[in-house]
Amino acid sequence: QAASAAAAQVPRYVRVNTLKTCVDDVIDFFKRQGYSYLGKAASVEELRALSGKKFLLDLHLPELLVFPPQTDLHDNLLYTSGHIILQDKASCLPAFLLSPAAGSHIIDACAAPGNKTSHLAAILKNKGQIFAFDVDPKRVATMNTLLARAGVTGCQLAQQDFLTVDPGDPKYSRVTHILLDPSCSGSGMVTRAPGEEVAPSAERLQALAGFQRRVLSHALNFPALRRLVYSTCSVHREENEDVVQAVLQERGSAFRLVTTFPSWPCRGLSAFPGAESCLRASPAETLTHGFFVAVLERCEEGADAPS
Ligand code: SAM
């Protein structure tokens with residue numbers, strides 16, 4: 001009951017697909033459809049107060065419009081034509097924080113159905129190369145449709161277990177950025193139907209965390225990697241701070257956790273010194289689904305290890 005009440009509060013977030021349009025044109029379109037535009041929000045409280053046919057520009061993320069929770073845009077022309085992407089605000093954080101320059105080579109390791117991949121392509125302005133992987137054939141098929149609709153080019157999508165992708169393959173020698181959004185318990189997803197949420201068992205959490213550690217560790221083996229974003233839609237520390245801590249420890253001083261987005265209100269649980277560099281998101285604090293993001297960077301050679 002509590003989770004569905006929280007879901008009822010989460011606004012409808014609309015990411016403007018800048019591969020096809022721009023924020024001003026989308027705002028004009030919605031105004032013509034009878035919505036009132038209230039400008040850029042100054043606080044999360046303003047997002048919470050939205051009602052009726054009103055919308056705002058988000059306060060944290062550019063190119064994100066915010067509508068009241070009940071707004072259904074699945075039949076809207078802008079959505080069906082790929083001009084807008086219906087994507088929770090928290091799930092826009094990973095690509096935004098990876099922040100690759102146009103022209104970069106990137107891996108999206110667990111990519112389907114591809115909302116974060118299309119966000120990456122928009123940040124790259126379709127300039128550069130995205131290598132996207134997903135192990136699930138059905139999800140890869142869905143993703144191909146979604147990427148085409150979003151106007152994404154320069155993305156090689158493969159149905160492949162990322163753990164079998166060879167970091168030594170010359171094809172990946174220029175990969176400087178990796179987005180890693182692996183399978184997780186999904187415990188942060190707020191459902192709209194009461195009773196749907198089931199807490200994962202300790203065994204399941206352990207199995208997921210084992211996979212997440214392996215896949216994160218594998219990603220750090222790419223030789224030119226400079227920056228990686230690890231994210232989950234889990235609220236469990238075992239899948240989040242603990243995974244990051246274990247892999248960073250295993251790597252000694254080769255990688256460090258980066259403090260990003262100081263104005264983001266919800267931080268990592270204090271599982272280890274420095275864990276507050278991570279970001280968390282929740283219906284109560286950020287009006288989003290529950291989410292976790294950590295940004296890792298390769299340490300400069302000769303630089304001191306982080307404390
Ligand atoms: N990043 C996606 C997006 O924003 O649309 C969502 C990714 S979802 C949380 C996790 C994905 O990881 C699933 O599609 C799953 O099939 C895929 N996956 C699980 N194990 C994998 C593996 N070993 N290699 C590649 N993909 C894997």
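The values are calculated or read from the model by the stated rules, or taken from the named source; none is laboratory data. For clarity, every value in this text was computed on a predicted model and none was experimentally measured. Using ideal geometry, Cβ is built from the backbone for each residue, glycine included, and neighbour counts are taken over all protein chains shown.
Please give the number of the condition V190 fails out of (1) more than 15 Å from the ligand (Cβ to nearest atom); (2) among the hydrophobic types (A, V, I, L, M, F, W, C); (3) part of a helix (DSSP H, G or I).
The one condition V190 does not meet is (3).
Which residue pairs have Cβ atoms under 7 Å apart, sit 6 or more places apart or on different chains, and have a first residue in the range 60-75 that is at positive phi and a second that is surrounded by 13 or more Cβ atoms within 10 Å (Cβ to Cβ) and of a type outside the set (V, I, T)?
Close Cβ pairs satisfying both conditions: E63/R15.
Considering only the range 229-288, state which residues are over 15 Å from the mean Cα position of the chain (by Cα), of a type in the set (S, T, Y) and not in a loop (DSSP other than H, G, I, E, B).
S277
If I filter the range 142-164 down to residues being surrounded by fewer than 20 Cβ atoms within 10 Å (Cβ to Cβ) and aliphatic (A, V, I, L, M), which single residue comes out as nearest to the ligand (Cβ to nearest atom)? Quick ask: steps written out before the conclusion?
Within the range 142-164, the first condition is being surrounded by fewer than 20 Cβ atoms within 10 Å (Cβ to Cβ), and the residues that meet it are 142, 144-146, 148-149, 151, 153-154, 156, 158-161, 163-164.
Now drop any that are not aliphatic (A, V, I, L, M), which leaves 146, 148, 158, 163.
Working: L146: 8, A148: 15, A158: 9, L163: 5 Å.
The extreme case among them is L163.
What are the pairs with Cβ atoms under 9 angstrom where one residue, in the range 153-168, is closer than 12 Å to D134 by Cβ and part of a strand (DSSP E or B) and the other, located anywhere, is near the ligand (Cβ under 9 Å from one of its atoms) and among the basic types (K, R)? Sequence gap at least six, or different chains.
Hits for this filter: Q159/R139.
Any residue in the range 106-118 that is buried (at least 16 other Cβ atoms within 10 Å of the Cβ), at pLDDT 95 or above, near the ligand (Cβ under 8 Å from one of its atoms) and among the β-branched types (V, I, T)?
The initial filter retains those residues of the range 106-118 that are buried (at least 16 other Cβ atoms within 10 Å of the Cβ), namely 106-118.
Now drop any that are not at pLDDT 95 or above, which leaves 106-118.
If we keep only those that are near the ligand (Cβ under 8 Å from one of its atoms) as well, we get 108-117.
Now narrow it down to the ones that are among the β-branched types (V, I, T): 117.
Scanning the range 106-118, I find at least one residue that is buried (at least 16 other Cβ atoms within 10 Å of the Cβ), at pLDDT 95 or above, near the ligand (Cβ under 8 Å from one of its atoms) and among the β-branched types (V, I, T), so the answer is yes.
From the set of residues in the range 123-147 that are part of a helix (DSSP H, G or I) and either of a type in the set (D, E, K, R) or touching a helix residue (DSSP H, G or I) at 6+ places or on another chain (Cβ under 9 Å) (or both), which is nearest to N17 (Cα to Cα)? First the steps, then the outcome.
Taking the range 123-147 as the starting set, the residues that turn out to be part of a helix (DSSP H, G or I) are 123, 137-147.
Then keep just the ones that are either of a type in the set (D, E, K, R) or touching a helix residue (DSSP H, G or I) at 6+ places or on another chain (Cβ under 9 Å) (or both); that gives 123, 138-139, 143, 146-147.
Numbers: I123: 10, K138: 24, R139: 21, M143: 16, L146: 12, L147: 11 Å.
Once the filter is applied, the top-ranked residue is I123.
Look through R213, R204 and report the one residue that is of a type in the set (K, R) and closer than 22 Å to H289 by Cα.
On the way: R213 fails: closer than 22 Å to H289 by Cα.
Just one listed residue meets the conditions, R204.
Within the range 38-56, does at least one residue satisfy the condition of being on the phi > 0 side of the Ramachandran plot, under 22 Å from the mean Cα position of the chain (by Cα) and surrounded by fewer than 19 Cβ atoms within 10 Å (Cβ to Cβ)? Show your work before the answer.
First pass over the range 38-56, keeping only residues on the phi > 0 side of the Ramachandran plot: 39, 52.
Filter once more, so that each one left must be under 22 Å from the mean Cα position of the chain (by Cα): none.
No: zero hits.
Of the residues in the range 119-141, how many are in contact with a Ser or Thr (Cβ under 8 Å, 6 or more places away or on another chain) and either within 24 Å of H289 (Cα to Cα) or crowded, with 22+ Cβ neighbours inside 10 Å (or both)?
6
Let me confirm something: among S91, S51, which residue is within 16 Å of the ligand (Cβ to nearest atom) and among the polar types (S, T, N, Q)? Please lay out each step first, then the result.
Working: S51 fails: within 16 Å of the ligand (Cβ to nearest atom).
Exactly one residue qualifies, and that residue is S91.
Conditions (1) over 21 Å from G186 (Cα atoms); (2) surrounded by fewer than 19 Cβ atoms within 10 Å (Cβ to Cβ), marked per residue:
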site: E239; (1), (2): no, no
site: V243; (1), (2): no, no
site: R251; (1), (2): yes, yes
site: P265; (1), (2): yes, yes
site: P273; (1), (2): yes, yes
site: S277; (1), (2): yes, no
site: P283; (1), (2): no, no
site: E300; (1), (2): yes, yes
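Of everything in the range 13-36 that's in contact with an Asp or Glu (Cβ under 9 Å, 6 or more places away or on another chain) and not β-branched (V, I, T), which residue is surrounded by the fewest Cβ atoms within 10 Å (Cβ to Cβ)?
C22
Go through the range 169-183 residue by residue and tally those that are part of a loop (DSSP other than H, G, I, E, B) and touching a Pro at 6+ places or on another chain (Cβ under 9 Å).
Within the range 169-183, residues that are part of a loop (DSSP other than H, G, I, E, B) and touching a Pro at 6+ places or on another chain (Cβ under 9 Å) number 2.
In the set E276, E300, E241, which member is among the charged types (D, E, K, R) and either within 16 Å of the ligand (Cβ to nearest atom) or modelled with pLDDT under 95 (or both)?
E300
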